[in-house]
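What follows is one structure encoded as structure tokens, with my remarks underneath.
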């Protein structure tokens, strides 16, 4: 059925006080429904783990990207907690080998099915959370999420203002500032236009639904025009 | 502008170490965009607070309804954290009077707008979480969620098996058990049918995607036939 669970615990870098949590997290509904002793499926754990994953990632993004507006944080979190991401984390851990599946599910490739692996990852999060508390769950989650976040950040999740500032401040005589040059629309649907200036020269312009977003877009344009 | 913030803190039953968190939570984007001193809107706090609310409610439901299947927990959580619920919580606290809004937003009824009040409630959750930690946030959230949950539970969120058991065990000679009488469909799309029997008499029948769900439905039918 499943391989020695202690090897999986080593890979998780977490050893359970109560191993039943882990066994429960590895039990797919197909197995639970088939089993004579009425073992419970991991669906309830997945429900809980999904929330724990959500708050740990939200907390991390909120604290570590103080300049990034809410819309970007939301997109980023979605990318870090989606099925594809969680399935990938499960594969890194080799969770598929340890799942309890029905024979039918097993024969039809269940051990490699993306939804099953993703759900099991979230259920494992809940198992660690229930067994060891929020800080253990956080440690476990960030071990997988941070490398993925780093990859994303380099590709697409720039805090453009900070990046621009870091480039400019290499020369202490240069000075950047942002100027609001336009504001249109009613209160609930404003559009702002901002210029970023290097000393007195306009080096980028951007628009958005908040000043912050417009500034980010202006910095983005400046970086792009500067060849970054 | 806004009334004395200490009165609001009394209503929150939480007094901030750093009141700026609360002021930030009360600042609508319309005000932030208009203000000269570039105050930050509560949108980022709302992003964080939404997750904190989600995990606190998930944790509570998971621990307190051990017999309720995942699908029901998900529906219940959605009802407890939706805009309507959060707007209601804000109204209980009178948050509308304390919001920082642009003049335009204020004149168009912003202090009573459901989305604004709901967002502010989530932002206040994040403010408490950042200022006092998860346990303070949990205390705050459950003070509002539990009465709502209780109302829902009485109306629609029965753990039918437990309810049935409680009624039957008033007579110690009576004995309930559940019998699986049918199982159809492929592994990934099973349907189960279960009968609930009182001694040897069938008193209800139910179906579902798991044995647990089918049992709940069988208990529900029994309760209904018994006039509950």
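For (1) under 17 Å from the mean Cα position of the chain (by Cα); (2) at pLDDT below 90, each residue gets a yes or a no:
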{"position": "A:105", "(1), (2)": "no, no"}
{"position": "A:110", "(1), (2)": "no, no"}
{"position": "A:116", "(1), (2)": "no, no"}
{"position": "A:129", "(1), (2)": "no, no"}
{"position": "A:137", "(1), (2)": "yes, no"}
{"position": "A:154", "(1), (2)": "yes, yes"}
{"position": "A:176", "(1), (2)": "no, yes"}
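Here is a list of conditions, (1) closer than 21 Å to residue B:128 by Cα; (2) buried (at least 18 other Cβ atoms within 10 Å of the Cβ); (3) modelled with pLDDT of 95 or more, and residue B:17 meets all of them except one; can you say which number that is?
Result: residue B:17 fails condition (2) only.
Take region A:147-156 and flag every residue that is free of Cβ contacts under 8 Å to residues at least 60 places away in the same chain and in a helix (DSSP H, G or I).
Narrowing region A:147-156 to residues free of Cβ contacts under 8 Å to residues at least 60 places away in the same chain: A:147, A:150-151, A:153-156.
A:147, A:150, A:151, A:153, A:154, A:155 - these are the residues of region A:147-156 that are free of Cβ contacts under 8 Å to residues at least 60 places away in the same chain and in a helix (DSSP H, G or I).
Filter region A:174-196 down to the residues that are surrounded by 12 or more Cβ atoms within 10 Å (Cβ to Cβ) and closer than 18 Å to residue B:104 by Cα, then identify the one that is nearest to the other protein chains (Cβ to nearest Cβ).
Let us first name the residues in region A:174-196 that are surrounded by 12 or more Cβ atoms within 10 Å (Cβ to Cβ), namely A:175-176, A:178-183, A:187-188, A:190-196.
This time we only want the ones that are closer than 18 Å to residue B:104 by Cα, so: A:182-183, A:187-188, A:190-192.
Numbers: A:182: 12, A:183: 8, A:187: 4, A:188: 7, A:190: 6, A:191: 10, A:192: 7 Å.
Top of the filtered list is A:187.
I'd like to know if region B:127-143 contains one or more residues that are more than 14 Å from chain A (Cβ to nearest Cβ), buried (at least 20 other Cβ atoms within 10 Å of the Cβ), over 20 Å from residue B:210 (Cα atoms) and in contact with a helix residue (DSSP H, G or I) (Cβ under 6 Å, 6 or more places away or on another chain).
Yes, there is a match, as at least one residue in region B:127-143 is more than 14 Å from chain A (Cβ to nearest Cβ), buried (at least 20 other Cβ atoms within 10 Å of the Cβ), over 20 Å from residue B:210 (Cα atoms) and in contact with a helix residue (DSSP H, G or I) (Cβ under 6 Å, 6 or more places away or on another chain).
Within region A:169-185, can one find any residue that is outside any helix (DSSP H, G or I) and in the same structural domain as residue A:9 (by the TED database)?
Our first condition is that a residue be outside any helix (DSSP H, G or I); within region A:169-185, this holds for A:169-185.
Subset that is in the same structural domain as residue A:9 (by the TED database): none.
Checking region A:169-185: not a single residue is outside any helix (DSSP H, G or I) and in the same structural domain as residue A:9 (by the TED database).
Please tell me if residue A:40 is within 14 Å of chain B (Cβ to nearest Cβ), touching a residue at least 40 places away in the same chain (Cβ under 8 Å) and surrounded by 15 or more Cβ atoms within 10 Å (Cβ to Cβ). Quick ask: steps written out before the conclusion?
Values: within 14 Å of chain B (Cβ to nearest Cβ): yes; touching a residue at least 40 places away in the same chain (Cβ under 8 Å): no; surrounded by 15 or more Cβ atoms within 10 Å (Cβ to Cβ): yes.
No: the conditions fail for residue A:40.
Which condition breaks for residue A:70 when tested against (1) touching a residue at least 12 places away in the same chain (Cβ under 8 Å); (2) within 12 Å of chain B (Cβ to nearest Cβ); (3) buried (at least 18 other Cβ atoms within 10 Å of the Cβ)?
It is condition (1) that residue A:70 fails.
In this structure, is residue A:121 at pLDDT 95 or above and closer than 26 Å to residue B:24 by Cβ? Reasoning before the result, please.
Details: at pLDDT 95 or above: yes; closer than 26 Å to residue B:24 by Cβ: no.
No.
Scan A:112, A:118 and give me the residue that is within 17 Å of residue A:8 (Cα to Cα), buried (at least 21 other Cβ atoms within 10 Å of the Cβ) and either touching a residue at least 24 places away in the same chain (Cβ under 8 Å) or in contact with a helix residue (DSSP H, G or I) (Cβ under 9 Å, 6 or more places away or on another chain) (or both). Explain how you work it out, then say what you get.
On the way: A:112 fails: buried (at least 21 other Cβ atoms within 10 Å of the Cβ).
That would be A:118, the only listed residue that is within 17 Å of residue A:8 (Cα to Cα), buried (at least 21 other Cβ atoms within 10 Å of the Cβ) and either touching a residue at least 24 places away in the same chain (Cβ under 8 Å) or in contact with a helix residue (DSSP H, G or I) (Cβ under 9 Å, 6 or more places away or on another chain) (or both).
Which condition does residue B:167 not pass, out of (1) within 25 Å of residue A:104 (Cβ to Cβ); (2) out of contact with any strand residue (DSSP E or B) (no Cβ under 8 Å at 6 or more places or on another chain), if it passes all the others?
Against the list (1) within 25 Å of residue A:104 (Cβ to Cβ); (2) out of contact with any strand residue (DSSP E or B) (no Cβ under 8 Å at 6 or more places or on another chain), residue B:167 comes up short only on (1).
Which count do you get for residues in region B:121-139 that are part of a helix (DSSP H, G or I) and on the phi > 0 side of the Ramachandran plot? If you could, list the steps in order and put the result at the bottom.
Filtering region B:121-139 for residues part of a helix (DSSP H, G or I) gives B:121-132, B:134-139.
Next cut, on the phi > 0 side of the Ramachandran plot only: none.
Residues that pass the stated criteria total 0.
Filter region B:205-227 down to residues that are farther than 24 Å from residue A:28 by Cβ and under 25 Å from the mean Cα position of the chain (by Cα) and give me whichever is modelled with the highest pLDDT. Talk me through it step by step, then tell me what you get.
Going through region B:205-227, the residues farther than 24 Å from residue A:28 by Cβ turn out to be B:205, B:219-227.
If we keep only those that are under 25 Å from the mean Cα position of the chain (by Cα) too, we end up with B:219-220.
On the way: B:219: 89, B:220: 86.
Ranking the qualifying residues of region B:205-227, first place goes to B:219.
How many of the residues making up region A:197-227 are surrounded by 21 or more Cβ atoms within 10 Å (Cβ to Cβ) and in a strand (DSSP E or B)?
2
The values are calculated or read from the model by the stated rules, or taken from the named source; none is laboratory data. Not measured: the values here are computed from a predicted model. FYI the Cβ positions are ideal-geometry reconstructions off the backbone, even for glycines, and counts take in every protein chain you see.
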